[in-house]
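The values are calculated or read from the model by the stated rules, or taken from the named source; none is laboratory data. All of these numbers come straight from a predicted model, not from anything done at the bench. A quick note on method: Cβ atoms are made from the backbone with ideal geometry, for glycine too, and the neighbour counts reach across all protein chains shown. In case anyone asks, the SASA skips ligands and DNA or RNA and just uses the protein heavy atoms, side chains included. Shrake-Rupley method; radii C 1.70, N 1.55, O 1.52, S 1.80 Å.
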Amino acid sequence: NALDILIVEDEPYQREMMSDFLNREGHRITEAGNGQEALHLFSKISFDLVLLDFRVPGMNGLELLQ
């Protein structure tokens with residue numbers, strides 16, 4: 001079954017690599033490059049899985065999860 005996955009990663013190369021791999025596996029991918037962008041997406045979309053870099057601009061991963 002396909003999952004709706006949010007990738008939160010500030011390094012574009014890392015984000016693209018994960019996104020490409022998971023997309024090829026049949027999942028629906030949304031990307032965010034920082035914490036503020038991720039918060040905005042959380043308010044609009046429900047995700048099955050979030051892959052979260054611990055250090056993203058503006059806040060750390062634990063702050064974002066709260």
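Has segment 51-65 got any residue that is in contact (Cβ under 8 Å) with a residue 40 or more places away in the chain, open to solvent by 80 Å² or more (accessible area, probe 1.4 Å) and within 13 Å of the chain's Cα centre (by Cα)? Yes, segment 51-65 contains at least one residue that is in contact (Cβ under 8 Å) with a residue 40 or more places away in the chain, open to solvent by 80 Å² or more (accessible area, probe 1.4 Å) and within 13 Å of the chain's Cα centre (by Cα). The number of residues in segment 1-44 being of a type in the set (Lys, Arg), closer than 23 Å to residue 62 by Cβ and surrounded by fewer than 17 Cβ atoms within 10 Å (Cβ to Cβ) comes to 1.
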